[in-house]
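A.B. asks: Dropping a structure here in structure tokens format, bear with me for questions.
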Amino acid sequence: MAVNILLSGAKGRMGMSIQSIALEHGCEITCPIDIGDDPKEGIKECDLVVDFSLREATLPLAEISASNSKPMVIGTTGHSCEEKDEIISLSQSIPIVWAGNFSTGVNLLYYLTEQASKVLDESSNFDPEVIEMHHRLKKDAPSGTAERLLEVIKNTRGLLEENIIHGRVGMVGERRDNEIGSHSIRGGDVVGDHTVMFAGVGERIELTHRASDRVIFAAGALRAAKWVLGQDPGLYSMQDVLGLQS
């Protein structure tokens, strides 16, 4: 039996990708909505809500989902701290999977980066750098995925936000021991490349994920949609969906 989904952001790139593969993943987009559409009636006929719309649309949709006891999968980013707190508070009544990247490979990269950071800690003299590349039309930098990778390294090493250095230019001096480098490259039609590098003396370790088709994100979102249906209220990540939480 297919999982019935209300899809917000149905006309966007992710929304279109999700619709193109939904049936082969055992899902049906029974209520596709976009800007200006009212979800209040359609949500009643759906099993859950998947949101890939706009930052400002997520909280109102989450409130409607909670009032109808419908689980959510959220793929929007860029929310204010206040918006995040309000959305998270709604997870007390419904299960919510919230991720900036739904790719199975990227979430495995998060996990491997955490494990590598634990072994190659500050005392190991391995210098961490995160490099990401996206298409020429991407407006923000670094990417949400890169920000998460930087956060993983920062938290594992017990560092602060000011330890993250975004690019280098001019006479910046020698690299400090507690730096985490962040570099963004833009060009062509690259869907998304992310590399975490640990550079030591005489050796270098690199963990790389390359995305060549947006369908991987859509497939991950549908996997999360089917998973969240059986969960208790709470806030979950793709790490939970994939069983990678340590």
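The values are calculated or read from the model by the stated rules, or taken from the named source; none is laboratory data. The structure presented is a predicted model; accordingly, all values stated were derived computationally and were not measured. No Cβ is skipped: glycine too gets one built from the backbone with ideal geometry, and neighbour counts run over all protein chains shown. Note: accessible area is taken over every heavy atom of the protein model, side chains too, but ligands, DNA and RNA are not part of it. Shrake-Rupley method; radii C 1.70, N 1.55, O 1.52, S 1.80 Å.
A.B. asks: How far apart, in nanometres, would the label points at ILE185 and TYR111 be if each is projected 7 angstrom from Cα along the Cα-to-Cβ direction?
C.D. replies: About 2.7 nm separates the two model spin labels.
A.B. asks: Also: Could you tally the net charge around PHE198, taking each other residue with its Cβ under 12 Å from the Cβ of PHE198, Lys/Arg +1 and Asp/Glu -1?
C.D. replies: Local net charge: -3.
A.B. asks: Hey, what's the stretch 104-246 come to in accessible area per residue, 1.4 Å probe, Å²? Mind showing how you got there, number by number?
C.D. replies: Values: 7640 Å² over 143 residues.
Computed with neighbouring chains in place, this is 53 Å² per residue.
A.B. asks: To the nearest 0.05, what FRET efficiency results for ILE205 and ASP85 with a Förster distance of 35 Å applied to their C-beta separation?
C.D. replies: Rounded to the nearest 0.05, the efficiency is 0.45.
A.B. asks: Another one. Can you tally the net charge around PHE126? Count Lys and Arg as +1, Asp and Glu as -1, for every other residue whose Cβ sits under 13 Å from the Cβ of PHE126. Spell out each step's value before the answer.
C.D. replies: Values: positive: LYS118, ARG157, ARG175, ARG204; negative: ASP121, GLU122, ASP127, GLU129, ASP177, GLU179, GLU203, GLU206.
Result for the neighbourhood of PHE126: -4.
A.B. asks: Work out how much length LEU235 to SER20 would gain on full extension: take 0.36 nm times their residue separation and subtract the Cα-Cα distance, in nm to one decimal.
C.D. replies: On the way: separation 215, 0.36 × 215 = 77.40 nm, distance 2.74 nm.
Difference between extended and current length: 74.7 nm.
A.B. asks: Scan the chain and note any complete DSSP helix (H) whose C-alpha atoms cover at least 15 Å along its axis and whose Kyte-Doolittle average is 1.0 or more.
C.D. replies: Values: long enough: 55-67 (19 Å, 0.16); 104-119 (23 Å, 0.12); 144-157 (20 Å, -0.51); 215-228 (20 Å, 1.34).
Membrane-span-like by this criterion, though nothing is claimed about a membrane: 215-228.
A.B. asks: Carbon and sulfur: what percent of the stretch 108-246's accessible surface (1.4 Å probe)? Don't skip to the answer; put the middle values down first.
C.D. replies: Working: 3750 of 7540 Å².
Carbon with sulfur: 50 percent of the solvent-accessible area.
A.B. asks: Also, I was wondering about something else. Cβ neighbours within 10 Å, averaged per peptide: list 173-179, 186-192 in order, most packed at the top. Intermediate values should be presented prior to the final figure.
C.D. replies: On the way: 173-179: 11.1, 186-192: 13.7.
Going from most to least packed, we get 186-192, 173-179.
A.B. asks: Using 0.36 nm per residue of separation minus the Cα-Cα distance, give me the extension gain between ASN68 and LEU54 in nm, one decimal.
C.D. replies: Working: separation 14, 0.36 × 14 = 5.04 nm, distance 2.10 nm.
Net length gain for the segment: 2.9 nm.
A.B. asks: Now for a different question. What's the tally of Lys pairs in the chain whose alpha-carbon atoms lie under 19 angstrom apart, where the two lysines are 8 or more places apart or on different chains?
C.D. replies: On the way: LYS11/LYS40; LYS11/LYS138; LYS40/LYS70; LYS44/LYS70; LYS44/LYS226; LYS70/LYS84; LYS70/LYS226; LYS118/LYS154.
Summing the qualifying lysine pairs gives 8.
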